[in-house]
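Before any comments, here is the structure.
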Amino acid sequence: MEPLNEKQIRASFVNCTKGEAARLRLPLDFAELPWDDLDFLGWVDPAAPRRAHLVLPRAQGPLGISLRVPSVSRSSALKSSLCQICLTGHASSGVTLLAAPLAGARGRDGNTVGTYICADLACPLYVRGKRQPKLRTTRYEESLTLDERLARMSENLDAFAARVTAS
């Protein structure tokens, strides 16, 4: 992913107001982000831990999606979970449901879509093996190449973004 500046990030959001985009906090480690290892930028807002943000690279410019962590959490009886974006297995606390208001009028009416995703939004780092999940169950080795796993992650993320931006 090409490095982005604060102005580009704030201007990219399609499902929140300009005021909300102006108030969001960038990642605490923004100056040290490993841009070469990122296929998208994802972070939990340091000032509002029930809010998260994704910024996806697009040919026409970055696409920002604001996310919420629902107040009702899943059962703690689950031992492990699978991220629907990168398919990384985690202990149950390593994956969370994030809901995105739809872009436009439908979002202003309260309509959302959700997905289970790595709680730290570090999918590209998990796929590349730069970060390891805290999984206490058996890990399954995939036969896909790194490029194939990155392509699958991008397809899954694109499908979620399409659901958010569909008119």
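The values are calculated or read from the model by the stated rules, or taken from the named source; none is laboratory data. The shown structure was predicted, so the numbers you read here are calculated from the model rather than taken from an experiment. For neighbour counting, all protein chains shown are included, and Cβ atoms are generated from backbone atoms with ideal geometry for every residue, glycine included.
Just one of the numbered conditions (1) surrounded by fewer than 19 Cβ atoms within 10 Å (Cβ to Cβ); (2) in contact with a strand residue (DSSP E or B) (Cβ under 6 Å, 6 or more places away or on another chain); (3) of a type outside the set (Ser, Thr, Tyr); (4) modelled with pLDDT of 95 or more is not true of Pro57: (2). As a summary of the residue check, Ala21 satisfies the conditions (1) closer than 26 Å to Tyr126 by Cα; (2) at pLDDT 95 or above; (3) not basic (Lys, Arg) except for the one numbered (1). Within the range 83-111, the set of residues being of a type in the set (S, T, N, Q) and farther than 14 Å from Leu54 by Cβ comprises Thr88, Ser92, Ser93, Asn111. In the range 2-17, the residue that is surrounded by the fewest Cβ atoms within 10 Å (Cβ to Cβ) out of those that are of a type outside the set (S, T, N, Q) and in contact (Cβ under 8 Å) with a residue 60 or more places away in the chain is Val14. The residue that is nearest to Val69 (Cα to Cα), among those in the range 29-54 that are in a loop (DSSP other than H, G, I, E, B) and of a type in the set (A, V, I, L, M), is Ala48. When you go through (1) free of Cβ contacts under 8 Å to residues at least 12 places away in the same chain; (2) closer than 20 Å to Pro124 by Cβ one by one for Asp37, which number turns out not to apply? With respect to (1) free of Cβ contacts under 8 Å to residues at least 12 places away in the same chain; (2) closer than 20 Å to Pro124 by Cβ, Asp37 is out only on (1).
Please specify each residue of the range 7-18 satisfying the condition of being closer than 21 Å to Pro124 by Cα and either part of a loop (DSSP other than H, G, I, E, B) or of a type outside the set (S, T, N, Q) (or both). Selection gives Ile9, Ser12, Phe13.
Yes or no, residue by residue, for (1) under 30 Å from Asp147 (Cβ atoms); (2) among the aromatic types (Phe, Trp, Tyr):
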{"position": "Phe30", "(1), (2)": "yes, yes"}
{"position": "Pro46", "(1), (2)": "no, no"}
{"position": "Leu87", "(1), (2)": "yes, no"}
{"position": "Asp120", "(1), (2)": "yes, no"}
{"position": "Gln132", "(1), (2)": "yes, no"}
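Only one of Leu102, Leu67 is in contact with a His (Cβ under 8 Å, 6 or more places away or on another chain) and crowded, with 20+ Cβ neighbours inside 10 Å; which? Going through Leu102, Leu67 in turn, the sole match is Leu67.
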